[in-house]
Amino acid sequence: MIKNISVNQLEEALHEAYETCRTIEGGANADYIPYLANIDSDLFGISICLGDGTVLSRGNTSYEFGIESVSKVHTAILALRQYGADEILDKIGADATGLPFNSIFALLLERDHPSTPLVNAGAITACSMIKPKGDSDGKWKAIVDNITELCGSEPHLIDELYRSETATNYNNHSIAWLLKNYDRIYDDPEISLDLYTRQCSLGVTAEQLAITAATIAHDGYNPVTDKQVFDAELAPKVVSMIATVGFYEHTGDWLYTAGIPAKTGVGGGIMGIMPNVFGIAAFAPPLDEAGNSVKAQAAIKFIMNKLGINIFGSTRVETVGSD
Ligand code: GLN
C-alpha cells in the first residue's frame, strides 16, 4: 500500500499524542546521576523533522536536557565516518547484548567484544577510536563538531551534569579498564571514559534530536542545514544498530509495539528514525526500570500507530508533509 501523509495529519497526531501522554503517570527520574534526579519531572516535548527541513513541535522542545546515551549514536556515526563500516564491525561489533546498557556481564559473556557502540562498553571504545589519537582536546572537538553537524546547531555542555556524572561513574571506570584488559580500547582508558562522560553531559533539545534523526532517515543529509553530513551508505548501518539495541534489553518489545528504530537516554530523550519519512524525538524525565522515558515512549508509539506506519510493514510512505 502507498500512503501520503499531510502536514495536517502530522500536526493532528502530534497534538493528540501530546495531550494524551502528558498526563501519563509512572516512572522516576534517573537517580544514580544526582543532577538528573533533580530535573522537573513534568517537562515533556515532542518534535518531528521532515525531509524538507520542516520541524513540527509540541511542549518543551527547546528545553536543553542531558543527551546521555542518545549521544552514542552520534559518536558511532563519527567513528563510522573516520573508519568505515567494516572496521567498526570488527573492532566494536553491531550486536544486541540483551542486557542493561551498563552491563559488565555483557562484556564478560562476549569474551572481550564490546558488542555495539550503542551500549556503554562499545561507546567508550568508540570514544577511544576517535581521531586525533592521544589528543583529548582534538578528540572532544571532533565529537562536538560531529554532533553539531547532525543536530544542525551546537549543543552546550551542562557543567553540573558533567561534574555529577564524573563523581559517580564507578561502574563505567570498571568497563573502561576491563576493555583495556581485553585490548579493546584504542586510546588511554581515562581519556576515553572522560570523553564518553562529557558527551553524555551535553545539553540538547528535542528539536535538535529530531533533526539528527531526520538526517539519519535521509541518508546522512541534514535537511535543516542542507548539508550531507555523512556518506549515504552508512545510514542503513546506523539504523540497523539502533534497531538492534536502541532500547537495550527491551528492544524487541519496543520494535514490536512501536515499529520504529529508536535510541533512548537516561536524560529522558528518545530519538526515532523512520527512513525516508521523518525523524522524531520526544523528551520527558521519568524513566521505566530499564532507563527509558515512559512518556516519550508512549508519545512516539501513539504517533506511529495513529499514522499507521511501521518500518516492518508493506505500506510505503510516498509523500510526507506536502498538503
Ligand atoms: N551516562 C550514562 C551512563 O553511562 C548514560 C546511560 C544511558 O543514557 N542509558 O550511565
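The values are calculated or read from the model by the stated rules, or taken from the named source; none is laboratory data. The structure presented is a predicted model; accordingly, all values stated were derived computationally and were not measured. Note that each Cβ is placed from the backbone with ideal geometry, even for glycine, and that neighbours are counted across all protein chains shown. Calculation scope for accessible area: heavy atoms of the full protein, side chains included, ligands and nucleic acids excluded. Shrake-Rupley method; radii C 1.70, N 1.55, O 1.52, S 1.80 Å.
Laid out as a table, the results:
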{"item": "Residue satisfying all of: in region 188-208; of a type in the set (S, T, N, Q) and in a loop (DSSP other than H, G, I, E, B); farthest from the ligand (Cβ to nearest atom) among these", "result": "Thr205"}
{"item": "Residues within region 279-323 that are aromatic (Phe, Trp, Tyr) and touching a Gly at 6+ places or on another chain (Cβ under 7 Å), tallied", "result": "2"}
{"item": "Top-ranked residue in region 257-312 [being among the basic types (Lys, Arg) and away from the ligand (no atom under 13 Å from the Cβ); ranked as farthest from Leu99 (Cα to Cα)]", "result": "Lys306"}
{"item": "Test for Gly246: is it within 13 Å of the ligand (Cβ to nearest atom) and closer than 22 Å to Ala85 by Cβ", "result": "yes"}
{"item": "Close pairs from region 202-215: first closer than 11 Å to Val70 by Cβ and free of Cβ contacts under 8 Å to residues at least 12 places away in the same chain, partner assigned to a helix (DSSP H, G or I) and of a type in the set (Gly, Ala, Ser), Cβ under 8 Å, at least 6 apart", "result": "none"}
{"item": "Pairs, first basic (Lys, Arg) in region 122-138, second modelled with pLDDT of 95 or more, C-beta under 6 Å, six or more apart", "result": "Lys131/Gln82; Lys133/Asp187"}
{"item": "Among the candidates Ser71, Ser115, residue that is of a type in the set (Gly, Ala, Ser), in contact (Cβ under 8 Å) with a residue 60 or more places away in the chain and within 13 Å of the ligand (Cβ to nearest atom)", "result": "Ser71"}
{"item": "In region 82-94, the residues that are touching a helix residue (DSSP H, G or I) at 6+ places or on another chain (Cβ under 7 Å), under 22 Å from Thr264 (Cα atoms) and open to solvent by 10 Å² or more (accessible area, probe 1.4 Å)", "result": "Ala94"}
{"item": "Breaking point among (1) more than 16 Å from the ligand (Cβ to nearest atom); (2) part of a helix (DSSP H, G or I); (3) closer than 22 Å to Leu89 by Cβ; (4) not polar (S, T, N, Q), for Ile211", "result": "(3)"}
{"item": "Residue list for region 173-187, restricted to those being open to solvent by 20 Å² or more (accessible area, probe 1.4 Å) and not in a loop (DSSP other than H, G, I, E, B)", "result": "His173, Ser174, Trp177, Leu178, Lys180, Asn181"}
{"item": "Filtered residues of region 74-107 (kept if away from the ligand (no atom under 13 Å from the Cβ) and either assigned to a loop (DSSP other than H, G, I, E, B) or polar (S, T, N, Q) (or both))", "result": "Gln82, Gly84, Ile92, Gly93, Ala94, Asp95, Ala96, Gly98"}
{"item": "Residue match in region 135-157 (condition: surrounded by 19 or more Cβ atoms within 10 Å (Cβ to Cβ), in a helix (DSSP H, G or I) and within 16 Å of the ligand (Cβ to nearest atom))", "result": "yes"}
{"item": "Any hit, region 251-258, residues being closer than 17 Å to Gly122 by Cα, touching a strand residue (DSSP E or B) at 6+ places or on another chain (Cβ under 8 Å) and open to solvent by less than 10 Å² (accessible area, probe 1.4 Å)", "result": "no"}
{"item": "Matching entry among Asp40, Asp31 (being assigned to a loop (DSSP other than H, G, I, E, B) and out of contact with any helix residue (DSSP H, G or I) (no Cβ under 8 Å at 6 or more places or on another chain))", "result": "Asp40"}
